[in-house]
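Peer 1: My structure is below; once you've seen it, I'll send some questions.
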């Protein structure tokens, strides 16, 4: 049974009022949501705990938000930030930003305040929606962001700042269609900064349409998806949620990806579609009762954002069923450049260890090739940088012309990932270009060593890097995080690696840390780890 939003605002029913006046053959981000609204206007758009919100309720709120932004003086292309954990009203605000023709600035809640302030200033933020849990940052934001016009709380009023529903309630639930088009910006996202200083990536409405279309081509269902949004909506989970709504599906909101809450929600809401990074999946697999839970509703368990241990992927298939699906993408080319479907994890009816090392084959609107440093495309089996073309490739970096040019060298988008493809077209990522270790003149790929360490029964996660070495230039070092209650020594882990990898690739040193530094989406921040060992040197590998 549906309940009213917690703010008490009654959102009046009406139609989606999407009268397209724009002269374009490409769907805009808000058109995608309105499509879902038209085919499922009385259906459940969002669930959050015991509350349910219909498509029509959410659609009306997006019209009010768009009118409110225009009343504040914002017009097409204005930058609007949302600084919030996963929240139904934060997502509705994002849709309202799209409807107004403005540009969404997703602020990562796990970044330090200084990074977020730099992001807001560089992008000339004019309006901010912020969650009460982050209200302490408002004074610093007001002081630091010169063009900021207004601040609205996402969930509840705070210190004379109105809530979203209070603020939006003053405006009509009918907004005239804005004539923004496919090349106009939909959002600007900051890169994860795992290998260097974060950059701001400009994503246009054409890219968003490609993201949603590719999702449904790869992951079709006879009935609408029921998606669990558990990791931040500022990342790939938000893309999956938008794709779900575009076809009239339901998004179940979780504030954070706490393992027990994720498992309970999967059962309670009969989740069909879920996106999680490998580190969170490892935590789920560590839950003591995981094998006794009911995951029979699952159809697609999408994993991405970082390499996944092959043996833990095998365990995930045993626990969740033949539903694991991998995609490869990046902020600059979102979500699904390649796709490994659930059935492709198997060969001749058995789990294929070789195939599990692949990130799949190029998706319908994407071309993926392997290139050497001279710009030559390489044949199957040869290792080089993975380069791509297609509608998923973003417009470029904001205010970074040199880096933008480097990213598009030779007419291809350069991903920075090193890999190869086999004769069947499956793509295999060997490592990040910047992660490769050169020790004594030999190229060593950390991911190969990490795969071995992940198989050790005491290891939950690890990171392998190159550290300064007077003799070899760099030597291999492993930083390891152990499972709760497990014990292992550095010499034991070195011996484990040596048995499979030989002496050259075995880490010359191993450190065991309580936790590894991670980004807001759970990706291990090798940059931060490297800085501890390269401080005072002229270069960071």
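FYI, it's all coordinate maths here, none of it is from the lab. Note that the coordinates shown come from a computational prediction; the quantities given were computed from them, not determined experimentally. Glycine also receives a Cβ, built like all others from the backbone with ideal geometry; neighbour counts cover every protein chain displayed.
Peer 1: Show me the ranking of peptides 509-518, 382-391 by mean Cβ neighbours inside 10 Å, starting with the highest.
Peer 2: Listed from highest to lowest mean packing, they are 382-391, 509-518.
Peer 1: Still on this model: Relative contact order of the chain, please, whole-number percent, based on alpha carbon pairs below 8 angstrom and at least 6 residues apart.
Peer 2: It comes to 11 percent, rounded to a whole number.
Peer 1: What angle, in degrees between 0 and 90 and rounded to the nearest 10, separates the Cα long axis of helix 29-39 from the longest principal axis of the Cα atoms of the chain?
Peer 2: Helix 29-39 sits roughly 70 degrees off the main axis of the chain.
Peer 1: Still on this structure: Calculate, for residue 255 and residue 471, the FRET efficiency according to 1/(1 + (r/R0)^6) with r their C-beta to C-beta distance and R0 51 Å; round to the nearest 0.05.
Peer 2: Once rounded, the FRET efficiency stands at 0.55.
Peer 1: Tell me, 397, 53 in order of fewest to most beta-carbon neighbours within 10 Å?
Peer 2: So the ranking, lowest neighbour count to highest, is 397, 53.
Peer 1: Given the chain, what percent of its DSSP beta bridges are antiparallel, to the nearest 5?
Peer 2: Percent antiparallel among DSSP bridges in the chain is about 60.
Peer 1: Further, regarding this structure: Restricting everything to alpha-carbon atoms, can you work out Rg to Rh for the range 217-311 with a Kirkwood hydrodynamic radius?
Peer 2: Rg divided by Rh gives 0.94.
Peer 1: If you don't mind, there's one more thing I want to ask. Determine the equivalent ellipsoid of the range 380-499 by diagonalising the alpha-carbon gyration tensor, then write out the semi-axes as square roots of 5 times the eigenvalues, largest first, rounded to whole Å.
Peer 2: Computed over the range 380-499, the values are 33, 18, 16 Å.
Peer 1: Follow-up question, since we're still on this one. So between residue 314 and residue 51, what do we pick up on full extension, going 0.36 nm a residue minus the alpha carbon distance?
Peer 2: 91.1 nm
Peer 1: Let me ask something else about it. Starting at 0 and stepping by 10 Å, how many percent of the alpha carbon pairs of the chain end up in each bin?
Peer 2: 4, 18, 29, 27, 16, 6, 1, 0
Peer 1: Rank-order 210-219, 449-458 by packing density, defined as the average count of other C-beta atoms within 10 Å over each peptide's residues, highest first. All intermediate terms of the calculation are to be shown ahead of the outcome.
Peer 2: Values: 210-219: 22.0, 449-458: 19.6.
Top to bottom by mean Cβ count within 10 Å: 210-219, 449-458.
Peer 1: Under the 0.36 nm per residue contour assumption, what length would be gained going from the current alpha-carbon distance of residue 492 and residue 166 to full extension?
Peer 2: Extra length available between residue 492 and residue 166 comes to 111.4 nm.
Peer 1: Moving to a separate point now. Hey, what's the Cα Rg ratio for the range 29-207 versus the globular rule of thumb, 2.2 N^0.38 Å?
Peer 2: The reported ratio for this selection is 0.99.
Peer 1: Between residue 408 and residue 71, what is the spin-label point distance in nm, taking each point 7 Å from the Cα along the Cα→C-beta axis?
Peer 2: Here the answer is 4.0 nm between the modelled labels.
Peer 1: What angle, in degrees between 0 and 90 and rounded to the nearest 10, separates the Cα long axis of helix 446-455 from the longest principal axis of the Cα atoms of the chain?
Peer 2: 90
Peer 1: While we're looking at this one, here's another question. What whole number of Å gives the distance from the Cα centroid of the range 162-232 to the Cα centroid of the range 340-369?
Peer 2: The range 340-369 and the range 162-232 have Cα centres separated by 27 Å.
Peer 1: Short version: what are the Cα gyration tensor semi-axes of the range 257-432, square root of 5 times each eigenvalue, largest first, in whole Å?
Peer 2: 33, 19, 13
Peer 1: What FRET efficiency do you get for residue 140 and residue 348 if R0 is 45 Å and r is their Cβ-Cβ distance, rounded to the nearest 0.05?
Peer 2: Details: r = 59 Å, r/R0 = 1.31.
After rounding, the FRET efficiency stands at 0.15.
Peer 1: For residue 438 and residue 159 in one chain, what is 0.36 nm times their gap in residues minus the Cα-Cα distance, to one decimal in nm?
Peer 2: 95.0 nm
Peer 1: If one takes the longest principal axis of the Cα atoms in the chain, at what angle in degrees, from 0 to 90 and to the nearest 10, does the Cα axis of helix 310-320 lie?
Peer 2: 50
Peer 1: Once you have the alpha carbon radius of gyration of the range 71-143, what is it after dividing by 2.2 N^0.38 Å, with N set to its residue count?
Peer 2: Working it through for the range 71-143, the quotient is 1.04.
Peer 1: To continue, here is another question. What share of the DSSP beta bridges in the range 184-314 is antiparallel, in percent to the nearest 5?
Peer 2: Within the range 184-314, antiparallel bridges account for around 35 percent of the total.
Peer 1: Which value in nm describes the separation of the simple spin-label points at residue 269 and residue 424, placed 7 Å from the Cα toward the beta carbon?
Peer 2: Modelled inter-label distance: 3.5 nm.
Peer 1: Turning to a different aspect of this structure: Which values, in whole Å and largest first, are the semi-axes of the equivalent ellipsoid of the range 436-534 obtained as the square root of 5 times each eigenvalue of the Cα gyration tensor?
Peer 2: 20, 17, 11
Peer 1: Assuming R0 = 30 Å, what is the FRET efficiency of residue 364 and residue 42, from their Cβ-Cβ distance, to the nearest 0.05?
Peer 2: Step by step, r from the Cβ atoms, then E = 0.40.
Peer 1: Place the peptides 222-231, 308-317 in order of packing, highest mean first, counting for every residue the other Cβ atoms within 10 Å and averaging per peptide.
Peer 2: 222-231, 308-317
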